[in-house]
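I'd like to ask some things about the structure below.
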Amino acid sequence: MAPQTRGIPRTPRWAPPPFPPWSTVAVLMCVGASVTVPAFLVLGQGATLAAAGGLMLGLYGTASLGLARVGAPAAITALACLATLLAPQMWVALGLSGAMALLAGAELARIGTRTLVMGLYAFATVRLGLSMGGELSMLATLVTGMAAGSAAAWATGMANKVPALPESSVIAVRMVVFLSVGLALAIVLASWLASPRSYWIAFLFLLRCTLPYGRQRQAALRFGAGAAAGVVLALAIEALAPTIWVQLLLALGATGIGLRYLLDQSPIPAGAFTLAILLGAAPTTAEAVFRMEAVGIVVALVFALIAVIDRLPLGGIVPARQDGAEGGP
């Protein structure tokens, strides 16, 4: 029998769902292009970011909760995004993100899913869109992206494929503190740096929060290693001075690899998405260096927050052997 630590039961082993077939990856990429490309051509870059955020929420939420239950977190996210579009002040954004973090903790403790974490990711894309001149029309592209993502997940048989992992109330509280404090620091830092690319810090941190709390350290190290490999490979390709079309084709291929191995336990997905972003959106040495700096900030933030949170009197401690014990990306 697994040992107990101060009344907190051993967290069940986490196992990622099987990798989707390449045909499913192709469908997801086509759906993504069908939403983001028109948004970019008609409404601009801010609306494109919101569409991408909604697409990810629709995909992840339907894969976690199914088509029938994804509506609630989608509605909460849409309302939060509407509020920040109408009142874009920093204190409003911090309050909304804190409230969503509390709801994400309740979701984690009650049913063991992390859909509202991806809702916060969509919220961050809207905040970034605002900094790039986005307007209220971003809400329409956000909702369109949600609907397209949900439809794609349902049509490809991905609904309910992400396993639920309910946590104890103690770990859920720790995750709320981890999520809300980390995201607040990332948003404030992005605002202070006054650069759209600084929001990479918030995006990268939120993607870490889709993992169980006890696996954050090991996952952060794998993520850092993969991202570093992606940066090095992007710089090597850039040194060869390929044409823009070759860069876009390579970025498209890297995106497919990242989607295929999204839940892999290796650094592959982090490396693939880093390569895709740098080649497809920011193929310069300066952007590659900033991407690596952002990764370093996120890894350091994860370790620092866990070191502090694990020492807070929140009703118990997380077993040390949980960290990295469950596998996963």
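The values are calculated or read from the model by the stated rules, or taken from the named source; none is laboratory data. Because the structure is a prediction, the values reported are computed rather than measured. Cβ atoms come from the backbone with ideal geometry, glycine included; neighbour counts cover every protein chain shown. Heavy atoms of the whole protein, side chains included, go into the accessibility calculation; ligands, DNA and RNA do not. Shrake-Rupley method; radii C 1.70, N 1.55, O 1.52, S 1.80 Å.
What is the residue count in segment 258-293 for residues that are within 24 Å of Ile244 (Cβ to Cβ) and part of a helix (DSSP H, G or I)? Don't jump to the end; show me each part of the working.
Applying the first criterion (within 24 Å of Ile244 (Cβ to Cβ)) to segment 258-293 yields 258-259, 271-292.
Imposing the further condition that a residue be part of a helix (DSSP H, G or I) reduces the set to 258-259, 271-280, 285-292.
Counting residues in segment 258-293 that are within 24 Å of Ile244 (Cβ to Cβ) and part of a helix (DSSP H, G or I) gives 20.
For segment 67-146, list the helices (runs of 4 or more DSSP H) that sit wholly inside it and hold at least 1 residues that are open to solvent by less than 20 Å² (accessible area, probe 1.4 Å), β-branched (Val, Ile, Thr) and in contact (Cβ under 8 Å) with a residue 12 or more places away in the chain; which are they? Break it down stepwise before answering.
Details: elements: 71-86, 90-111, 115-131.
Where helices (runs of 4 or more DSSP H) fall fully within segment 67-146 and carry at least 1 residues being open to solvent by less than 20 Å² (accessible area, probe 1.4 Å), β-branched (Val, Ile, Thr) and in contact (Cβ under 8 Å) with a residue 12 or more places away in the chain, they are 71-86, 115-131.
Further question: When you check Gly53 against the structure, is it in contact (Cβ under 8 Å) with a residue 12 or more places away in the chain, under 26 Å from Ala155 (Cβ atoms) and either open to solvent by less than 30 Å² (accessible area, probe 1.4 Å) or among the aliphatic types (A, V, I, L, M) (or both), yes or no? Lay out the reasoning, then the answer.
Numbers: in contact (Cβ under 8 Å) with a residue 12 or more places away in the chain: yes; under 26 Å from Ala155 (Cβ atoms): yes; either open to solvent by less than 30 Å² (accessible area, probe 1.4 Å) or among the aliphatic types (A, V, I, L, M) (or both): yes.
Judged against the criteria, Gly53 is a match.
Name every residue in segment 116-144 that is of a type in the set (Ser, Thr, Tyr) and over 20 Å from Ala186 (Cβ atoms), in order of residue number. Give the derivation first.
Of the residues in segment 116-144, the ones of a type in the set (Ser, Thr, Tyr) are 121, 125, 131, 137, 141, 144.
Result: Ser137, Thr141, Thr144.
Could you please find all residues in segment 199-247 being among the polar types (S, T, N, Q), open to solvent by 10 Å² or more (accessible area, probe 1.4 Å) and in a helix (DSSP H, G or I)?
Our first condition is that a residue be among the polar types (S, T, N, Q); within segment 199-247, this holds for 210, 216, 218, 243, 247.
Filter again for open to solvent by 10 Å² or more (accessible area, probe 1.4 Å), leaving 210, 218, 243, 247.
If the condition is that a residue be among the polar types (S, T, N, Q), open to solvent by 10 Å² or more (accessible area, probe 1.4 Å) and in a helix (DSSP H, G or I), then Gln218, Gln247 are the ones that fit.
Residues that are outside any helix (DSSP H, G or I) and open to solvent by less than 30 Å² (accessible area, probe 1.4 Å): does segment 31-49 have at least one?
Looking only at segment 31-49, we keep the residues that are outside any helix (DSSP H, G or I), and these are 44.
The next check asks that each one be open to solvent by less than 30 Å² (accessible area, probe 1.4 Å); those that pass are 44.
Yes - at least one qualifying residue is present in segment 31-49.
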